[in-house]
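The values are calculated or read from the model by the stated rules, or taken from the named source; none is laboratory data. Predicted, not measured: the structure shown is a model, and the values here were computed from it. Here the Cβ is made from the backbone with ideal geometry for all residues, glycine too, and neighbour counts use every protein chain on show.
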C-alpha cells in the first residue's frame with residue numbers, strides 16, 4: 001500500500017505512538033541517566049543538562065519519564081492483551097455454545113461489572129502482594145468483562161448468519177467457527193475497542209499508582225510520578241504536569257492509530273479498494 | 001372523484017393542456033461513490049432518458065436490478081434516494097419543471113400530486129400508528145379534505161381494494177394485517193389524497209404468488225376507477241403486462257425499448273427485450289423415478305418452540321439419484337423447514353430420514369462427517385451464505401480440505417476445475433465475495449457444495465433473489481451439473497415456472513402438509529386439488545388479459561386475502 005494514502009491524523013498517531021514505544025523498548029539506552037540515580041537538586045528547572053528538570057528527590061525527570069513509559073506501557077499492553085484474549089474467546093464461546101454456558105458466563109460478568117472497577121481493584125490490590133503480575137491480572141480480568149460483553153453481542157449477530165450455518169452443516173468444529181468464521185468478521189468493532197481499552201488500562205494503572213497501590217517505588221509509572229511531584233504544583237513547579245501530559249498524548253495518539261486501522265479493516269475487499 | 005376538477009394548480013404556461021401529465025426530458029442522474037483508498041468518483045446512473053405519460057395511463061418501467069427504474073420513478077417526485085443527484089434534464093409535471101420548484105414547492109406536490117407505493121409495505125408503514133392515521137395523513141397535511149371526509153374516502157378505497165372489514169381495518173396496526181393486505185392499504189394511502197400520478201415501486205415483488213394476484217387485481221381496478229396515472233416499476237414482465245398501457249424497457253440506466261404493451265410482448269424489436277420475453281424456456285426431459293430412492297423422508301413431523309408450533313405434519317417424500325424433487329408452496333408452508341429437518345438443523349419430533357437404506361441421525365451433531373458430505377445446501381441469499389472475509393479460493397477450497405484432506409497445489413488445482421465447471425474460471429480465485437455480482441456469488445456457492453461431491457444438494461430458493469436472465473443462467477448450470485456430477489436436487493421454490501423447467505418430481509406443500517406429490521407430469525396435469533389449482537393459476541403469464549381470466553377461473557381464495 002502506498003504510504004501517501006495514509007491520512008495525516010494516522011501519521012501523527014503513528015509517529016507519536018512509535019516514539020513512545022521506542023522509548024519504552026530501548027529505555028536503558030535512550031535515557032541519559034539511571035532510573036533511581038540522584039543527579040542534582042530537588043526540582044531543578046529545565047536546563048541543557050536536565051531537559052525536563054529534576055524531580056522531588058533530585059532525579060533526572062526525562063530519564064524517569066522514559067523508564068516510566070516502559071513500565072506504564074508494559075503493564076498496559078499486557079493487561080489489554082489479557083483482557084482481549086480472555087474477553088473475546090469467552091464472549092465468542094458464549095455466543096456459539098449458548099445454553100447454560102452462556103447464562104453462567106453472562107451472569108458472572110454482570111456480577112463483576114456491578115462493582116465499580118476502581119473500588120474492586122483497590123480492595124483486591126490491598127490484599128494481594130503488589131507486583132507487576134498481580135497488577136496485570138487484576139486489570140486484565142476486570143477489563144475483560146467489557147470485552148466479553150462486546151464480543152458476545154457481535155458474535156451473536158454473526159452466529160445466525162447463513163455462512164455460519166453452512167459451516168455447521170459442513171461439520172466444522174467450534175474452534176473453526178469461532179476463529180475462522182466469526183473472529184474475522186468481528187474484528188472491526190474489536191479493534192476500535194482495543195484502542196479505547198488500552199487507554200483505559202493506562203488510565204486505570206495511573207489512577208492505582210496515584211493512589212499508591214500500583215507500581216511501587218523506586219520504580220514508577222507516569223501515574224506514580226504525578227503523585228511524587230504533585231506537591232511541587234503549589235510552588236509553581238511543573239514536574240507533575242509532564243507525566244500527566246504524556247498520558248494524555250499517548251491516549252490521543254493510540255486512538256488516532258486505532259481509527260485508521262478500523263477504517264482499513266472495515267473494507268470487505270481485503271483493503272485493496 | 002368530483003373534487004378533481006375543482007383543484008387548481010399554478011401553471012407555468014399553457015403547455016399543460018396538451019394532456020401530458022408527466023414529461024421527463026433528457027433525465028440524467030448521477031451519484032458519487034467513495035471507493036476506499038481512491039479518489040471519489042462520479043458515476044452516471046441514468047443516461048438521457050426521456051418519457052411522457054398522459055393522464056390516466058399506466059407506464060411500466062421494466063429492467064433488471066441496477067437498470068435505474070426506481071431512480072427514474074422517484075425523479076418524478078424530484079427525489080433522489082441515498083445521495084443520488086438529478087444533474088440534468090427536466091421533469092415537467094402538470095406543466096411546470098419540478099426540478100426548479102425548490103424545497104417548499106416539492107413538499108407541496110409530494111403526497112398531493114404524486115404519491116409513492118413502496119415495495120415492502122411492512123417496512124414502509126410506521127408500526128407505532130394505526131393504519132387509518134397513516135392513510136389520511138397526506139390528505140390532512142395538504143388540507144384537501146377534513147378528517148371526516150378523508151376517512152370516508154379511505155373506507156371507500158379499502159372497499160374498492162377489496163380489503164376485509166373496510167370500516168374497521170383502519171383501526172388496526174400494521175402488524176395486525178397480512179402482507180398482501182398491507183400492500184393494498186398502502187395503495188389506498190397513495191390514492192387517498194387523489195393524486196394525479198402514483199409511482200408503484202415493485203408493489204407485489206415481496207408477496208407470495210397467490211397473494212400477488214389479488215393485490216395486482218386490486219391495484220388494476222383502483223387505477224381504472226380513479227383515472228390516476230401510474231408509473232409501474234417491476235422486473236417481472238408478466239406482471240407489468242397485466243396492468244400497463246405502455247412498457248419501457250431499461251438497462252444500465254439507458255432506454256432499450258419503449259412501446260405499447262402488446263408490441264413489447266408480442267413483437268419485441270430489441271434483442272434484450274426478446275431475451276426478457278422468452279426467458280422461461282429451458283429444455284428438460286422429465287426422468288421417471290428409479291427403483292429405489294437413496295433418500296426418503298417418512299412421516300416427518302417437526303415443530304418450533306418446543307413443540308408448540310407444528311410446521312411439518314406427517315411429511316413423506318423420496319429422492320432418486322441424479323433427479324430433482326421440487327418442493328413448492330407459499331411462504332409459511334413448511335418448505336424450508338423440510339430442508340432443515342433433512343439436514344438435521346431442526347431434529348424432527350417424529351418420523352425418520354433414511355439415506356442409502358439406513359436411518360440418518362436426527363441431530364446434526366450426531367451425524368458422521370461422511371453423511372454431512374453427502375448432503376449439501378445452497379442458500380437463497382448468496383451474499384450472506386459466504387464469509388465476506390474469505391476469498392473465493394478459501395470458500396471453495398475449504399470443503400476439499402475438510403472432507404478429502406486436499407492441500408496446497410492439489411487443492412488449488414481442484415478449485416480451478418470447479419471454477420471452470422461453474423463457468424467462471426480461475427481468475428476469480430483471489431476475489432472476495434463483495435467483488436462478485438449476484439449471479440457469480442450464487443455460482444460460487446454452487447461450486448462450494450459441489451466440492452464435497454455430494455449425492456444431494458438442497459437448493460433453498462436459490463434463484464428468487466436474482467434477476468430473471470441471471471436466474472435462467474443458474475438453472476441451466478444446475479441442470480448441466482446434474483448431468484455431469486450425477487447429483488440429485490431438492491429444489492425449494494415458490495416459482496412454478498422454475499419447477500416446470502427443472503423438476504422430475506414435485507411435492508406441493510400447504511400449511512405443513514404435502515397436498516400433492518408425484519412425477520412432474522402427474523402433478524401438473526388436471527384434475528387438480530383446490531390448492532394446486534390456485535397455485536398454478538396464480539403464476540403470471542405473459543399474456544394480456546391473463547389476470548381477469550385467472551381471477552374468474554379459480555376455486556379457492558388465497559390465504560393472504
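Show me the helices (runs of 4 or more DSSP H) found entirely inside segment A:1-114 where at least 2 residues are under 26 Å from the mean Cα position of the chain (by Cα) and under 20 Å from residue A:242 (Cα atoms). Outline the logic, then answer.
Details: elements: A:8-25, A:27-30, A:61-97, A:99-113.
Output list reads A:8-25, A:27-30, A:61-97.
Among (1) at pLDDT below 90; (2) surrounded by fewer than 20 Cβ atoms within 10 Å (Cβ to Cβ); (3) in a helix (DSSP H, G or I), which single condition is residue A:217 missing?
The one condition residue A:217 does not meet is (3).
For segment B:204-293, which fully contained helices (runs of 4 or more DSSP H) count at least 2 residues that are closer than 26 Å to residue B:331 by Cα and modelled with pLDDT of 85 or more? Quick ask: steps written out before the conclusion?
Values: elements: B:209-226, B:237-243, B:261-266, B:271-277.
Of the helices (runs of 4 or more DSSP H) lying wholly inside segment B:204-293, those with at least 2 residues that are closer than 26 Å to residue B:331 by Cα and modelled with pLDDT of 85 or more span B:209-226, B:237-243.
Quick one: which residue in B:145, B:108, B:121 is at pLDDT below 90 and under 18 Å from residue B:201 (Cβ atoms)?
Working: B:145 fails: under 18 Å from residue B:201 (Cβ atoms); B:108 fails: under 18 Å from residue B:201 (Cβ atoms).
Exactly one of B:145, B:108, B:121 is at pLDDT below 90 and under 18 Å from residue B:201 (Cβ atoms), namely B:121.
Condition first: in contact with a strand residue (DSSP E or B) (Cβ under 8 Å, 6 or more places away or on another chain) and either free of Cβ contacts under 8 Å to residues at least 24 places away in the same chain or away from chain A (no Cβ under 12 Å) (or both). Now tell me which residues in segment B:369-424 satisfy that.
Answer for segment B:369-424, where residues must be in contact with a strand residue (DSSP E or B) (Cβ under 8 Å, 6 or more places away or on another chain) and either free of Cβ contacts under 8 Å to residues at least 24 places away in the same chain or away from chain A (no Cβ under 12 Å) (or both): just B:371.
Within segment A:174-192, how many residues turn out to be without any contact (Cβ under 8 Å) to a residue 60 or more places away in the chain and more than 10 Å from chain B (Cβ to nearest Cβ)? Spell out how you get there, then give the answer.
Of segment A:174-192, the ones without any contact (Cβ under 8 Å) to a residue 60 or more places away in the chain are A:175-176, A:179-181, A:184-185, A:189.
In the following step, the residues that additionally are more than 10 Å from chain B (Cβ to nearest Cβ) were identified as A:175, A:179, A:189.
Summing the residues that are without any contact (Cβ under 8 Å) to a residue 60 or more places away in the chain and more than 10 Å from chain B (Cβ to nearest Cβ) in segment A:174-192 gives 3.
Sort through B:89, B:82, B:73, B:66 and tell me the only one that's out of contact with any helix residue (DSSP H, G or I) (no Cβ under 7 Å at 6 or more places or on another chain) and part of a loop (DSSP other than H, G, I, E, B).
Numbers: B:89 fails: part of a loop (DSSP other than H, G, I, E, B); B:82 fails: part of a loop (DSSP other than H, G, I, E, B); B:73 fails: part of a loop (DSSP other than H, G, I, E, B).
Answer to the selection: B:66.
Give segment B:150-161 a look and list any residue that's touching a helix residue (DSSP H, G or I) at 6+ places or on another chain (Cβ under 8 Å) and without any contact (Cβ under 8 Å) to a residue 60 or more places away in the chain, or say none. Walk me through how you get there before you give the answer.
So in segment B:150-161, the residues touching a helix residue (DSSP H, G or I) at 6+ places or on another chain (Cβ under 8 Å) come out as B:150-151, B:153-155, B:157-158, B:160-161.
Answer for segment B:150-161, where residues must be touching a helix residue (DSSP H, G or I) at 6+ places or on another chain (Cβ under 8 Å) and without any contact (Cβ under 8 Å) to a residue 60 or more places away in the chain: B:150, B:151, B:153, B:154, B:155, B:158.
Checking the condition touching a residue at least 12 places away in the same chain (Cβ under 8 Å), surrounded by fewer than 22 Cβ atoms within 10 Å (Cβ to Cβ), over 28 Å from residue A:153 (Cα atoms) and more than 14 Å from every other protein chain (Cβ to nearest Cβ), which residue from A:248, A:240 passes? Can you show your working first?
Values: A:248 fails: touching a residue at least 12 places away in the same chain (Cβ under 8 Å).
Within the list A:248, A:240, the selection yields A:240.
Any chance segment B:360-367 includes a residue that's within 28 Å of residue A:186 (Cα to Cα), assigned by TED's automatic domain parsing to the domain that holds residue B:436 and surrounded by fewer than 15 Cβ atoms within 10 Å (Cβ to Cβ)?
Within segment B:360-367, the subset within 28 Å of residue A:186 (Cα to Cα) is B:364-365.
Pick out the ones that are also assigned by TED's automatic domain parsing to the domain that holds residue B:436 and you get B:364-365.
Next, only the ones that are surrounded by fewer than 15 Cβ atoms within 10 Å (Cβ to Cβ) stay: B:365.
Yes, segment B:360-367 contains a residue that is within 28 Å of residue A:186 (Cα to Cα), assigned by TED's automatic domain parsing to the domain that holds residue B:436 and surrounded by fewer than 15 Cβ atoms within 10 Å (Cβ to Cβ).
Could you tell me whether residue B:51 is at pLDDT 75 or above, under 22 Å from residue B:240 (Cβ atoms) and not assigned by TED's automatic domain parsing to the domain that holds residue B:264?
Working: at pLDDT 75 or above: yes; under 22 Å from residue B:240 (Cβ atoms): yes; not assigned by TED's automatic domain parsing to the domain that holds residue B:264: yes.
Yes, satisfied.
Out of the residues in segment B:477-522 meeting the condition of being in contact with a strand residue (DSSP E or B) (Cβ under 6 Å, 6 or more places away or on another chain) and assigned to a helix (DSSP H, G or I), tell me which one is surrounded by the fewest Cβ atoms within 10 Å (Cβ to Cβ).
Result: B:520.
In segment B:368-398, which residues are farther than 18 Å from residue A:176 by Cα, crowded, with 17+ Cβ neighbours inside 10 Å and over 27 Å from the mean Cα position of the chain (by Cα)?
B:371, B:374, B:375
Is it true that residue B:334 is modelled with pLDDT under 90, closer than 30 Å to residue B:179 by Cβ, crowded, with 20+ Cβ neighbours inside 10 Å and more than 14 Å from chain A (Cβ to nearest Cβ)?
Values: modelled with pLDDT under 90: yes; closer than 30 Å to residue B:179 by Cβ: yes; crowded, with 20+ Cβ neighbours inside 10 Å: yes; more than 14 Å from chain A (Cβ to nearest Cβ): yes.
Yes.
Can you name the residue in segment B:426-464 that is assigned to a loop (DSSP other than H, G, I, E, B) and free of Cβ contacts under 8 Å to residues at least 60 places away in the same chain and, of all such residues, is nearest to residue B:353 (Cα to Cα)? First the steps, then the outcome.
Step one: filter segment B:426-464 for residues assigned to a loop (DSSP other than H, G, I, E, B), giving B:429-432, B:436-437, B:452-455, B:461-464.
With free of Cβ contacts under 8 Å to residues at least 60 places away in the same chain added as a condition, the list becomes B:429-432, B:436-437, B:463.
Details: B:429: 37, B:430: 39, B:431: 38, B:432: 37, B:436: 36, B:437: 36, B:463: 26 Å.
By that ranking, first place goes to B:463.
With B:105, B:60 as the choices, which residue is within 29 Å of residue B:223 (Cα to Cα) and part of a helix (DSSP H, G or I)?
Details: B:60 fails: part of a helix (DSSP H, G or I).
The unique qualifying residue is B:105.
Give segment A:147-158 a look and list any residue that's crowded, with 20+ Cβ neighbours inside 10 Å and either more than 12 Å from chain B (Cβ to nearest Cβ) or not in a helix (DSSP H, G or I) (or both), or say none.
Of everything in segment A:147-158, those that are crowded, with 20+ Cβ neighbours inside 10 Å and either more than 12 Å from chain B (Cβ to nearest Cβ) or not in a helix (DSSP H, G or I) (or both) turn out to be A:147, A:148, A:151, A:152, A:154, A:155.
Select, from B:205, B:261, B:168, the only residue that is touching a helix residue (DSSP H, G or I) at 6+ places or on another chain (Cβ under 8 Å), assigned by TED's automatic domain parsing to the domain that holds residue B:111 and surrounded by fewer than 23 Cβ atoms within 10 Å (Cβ to Cβ). Steps first, please.
Values: B:205 fails: touching a helix residue (DSSP H, G or I) at 6+ places or on another chain (Cβ under 8 Å); B:168 fails: touching a helix residue (DSSP H, G or I) at 6+ places or on another chain (Cβ under 8 Å).
Result: B:261 is the single residue among B:205, B:261, B:168 that is touching a helix residue (DSSP H, G or I) at 6+ places or on another chain (Cβ under 8 Å), assigned by TED's automatic domain parsing to the domain that holds residue B:111 and surrounded by fewer than 23 Cβ atoms within 10 Å (Cβ to Cβ).
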